[in-house]
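Report on one structure; see the data block that follows.
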Amino acid sequence: MKDLRKNNNIFDDELPADFQGSLKWQSPSNIALVKYWGKRGRQLPHNPSVSFTLSECRTETSATFHKADCFGLHFHFEGKEHPAFAAKIEKYLLENLSLFPFLSQLDLCLESRNTFPHSSGIASSASSMSALVLCLLDIERQAIGARDIDWRKASYCSRLASGSACRSVFPTMALWGATDYHQDSSDEYAIPLNDEIHPVFKTYHDSILLVSDAVKTVSSRAGHTLMDGNPYAETRYRQAKHHTQQLLAALKSGDLEAFIRITEAEALQLHALMMCSSPSFILMKTNTLRIIEEVRLFREETKIPVCFTLDAGPNVHLLYPDDFSDEVKRFIVNILESYCADSRWIADHVGEGPSRL
Ligand code: PMV
């Protein structure tokens, strides 16, 4: 494997005294189908994961920078100071200065906002950390006069900031984690699956049903750690590897039945793992289960290939191909909306990945 930590560029030297500029990137969130839950070493996964890249749930980050004698960082979130986010970013940058050596000569102002609603319970670390990394790599690109961003490095650096963020840098779908069933796969970075999937998956919607907007009771960092003592950990990792193999085949052939079976099994397993951790967490709410029951009933009655997945929280992601969007949207408005907090849901869909704004 290419050693992505090595930087054959100019940063052993001085940046030009007039080096300055500003740039802006947007990067989307992603929703995992095969889940990453449990990590080792420096943010390395115990099993491969596969995700849809989203479109409407994104972070937009702008960076303004100029040459300075030492590294300076100023961070604002949605126009205000946000000490918790600022501390997370500073920690990441200081721990990874070898990836961004030019930072030691830069005064950097970051301004970030999310396009999804406040307190929607939607995790933003994947979109925010990948947007940050893309800003940094774009500054590096300008400093060394390179043409393009190195997307593999973008994924690698994003992974070190927040595991699932490494999947957000690619359009449509991404695979992160080494598997025998994809020769380019790696634990160190994600790879795009754009060319290896049936066209139907490029039309997928993700309607995010906001059952609760409460802040998560367990952070994903704590959740990953709990897997270390989980009695089912080894079985889980084995099964996730098997699910990855089966899902990759279903994605290629367009087998929606297999897609539904694997996706729902993965969502429920993630929550089962949390329930049998010590301490144990139940992150589903009553209305999460009601929605799941309604979705399964609706699918049985209509034969429409709609299924659900869950993140580490109570909100339900409804996944379905565009061909059925009218029927599913009617189903949401007529039945499912009543289970959502203030009837709120987000109409998202598979997206193009990050872009420079
Ligand atoms: O990237 P993290 O450390 O926030 O973990 C993400 C964990 C899940 O969202 C539950 C699953 C996944 O693969 O995205």
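Working out 0.36 nm times the residue gap between Asp150 and Asn194, then minus their Cα-Cα distance, what length gain in nm do you get to one decimal?
Contour length minus Cα-Cα distance gives 14.1 nm.
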Estimated FRET transfer efficiency (Glu14, Tyr181; beta-carbon r; R0 45 Å; 0.05): 0.45
The chain, accessible surface, carbon-and-sulfur percent (1.4 angstrom probe): 49
P(r) histogram, all alpha-carbon pairs of segment 136-280 included - 5 Å bins from 0, percent: 2, 8, 13, 17, 20, 18, 12, 6, 3, 1, 0
Sum of side-chain charges, Ile346 neighbourhood, beta-carbon under 9 Å (Lys, Arg +1; Asp, Glu -1): -2
Taking all pairs of distinct alpha-carbon atoms in the chain, Kirkwood radius in angstrom: 21.0
Cβ-Cβ FRET estimate between Ser253 and Glu301, R0 fixed at 30 Å, reported to 0.05: 0.70
Angstrom value of the Kirkwood radius, inverse mean 1/r, which spans all Cα pairs in segment 194-355: 16.8
Sum of side-chain charges, Ile208 neighbourhood, beta-carbon under 10 Å (Lys, Arg +1; Asp, Glu -1): -3
Cα lying deepest toward the dipole's positive end in segment 194-355, options Leu273, Val316, Thr286, charges on Cβ: Leu273
Peptide ranges 124-130, 135-141, 346-352, 92-98 listed from the most packed, as the mean C-beta count within 10 angstrom indicates: 124-130, 135-141, 346-352, 92-98
FRET efficiency estimate (nearest 0.05) - Cβ-Cβ, His242 to Cys109, R0 51 angstrom: 0.65
Contour minus Cα-Cα distance for Arg330 and Leu44 (0.36 nm per residue): 98.8 nm
Positive-end extreme of charge dipole, the chain - chosen from Thr203, Asn96, Trp37 (charges on Cβ): Trp37
Length added when fully stretched, Arg290-Thr225, from 0.36 nm per residue minus Cα-Cα: 20.4 nm
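Based on DSSP H assignment, which helices of the chain show an axial Cα extent of at least 20 Å together with a mean Kyte-Doolittle hydropathy greater than or equal to -1.0?
125-144, 256-275, 286-302
The values are calculated or read from the model by the stated rules, or taken from the named source; none is laboratory data. These numbers were taken from a predicted model, which means no experiment stands behind them. Neighbour counts run over all protein chains shown; Cβ positions are idealised from the backbone, glycine included. These area figures cover heavy atoms from the full protein model, side chains too; ligands, DNA and RNA do not enter into them. Shrake-Rupley method; radii C 1.70, N 1.55, O 1.52, S 1.80 Å.
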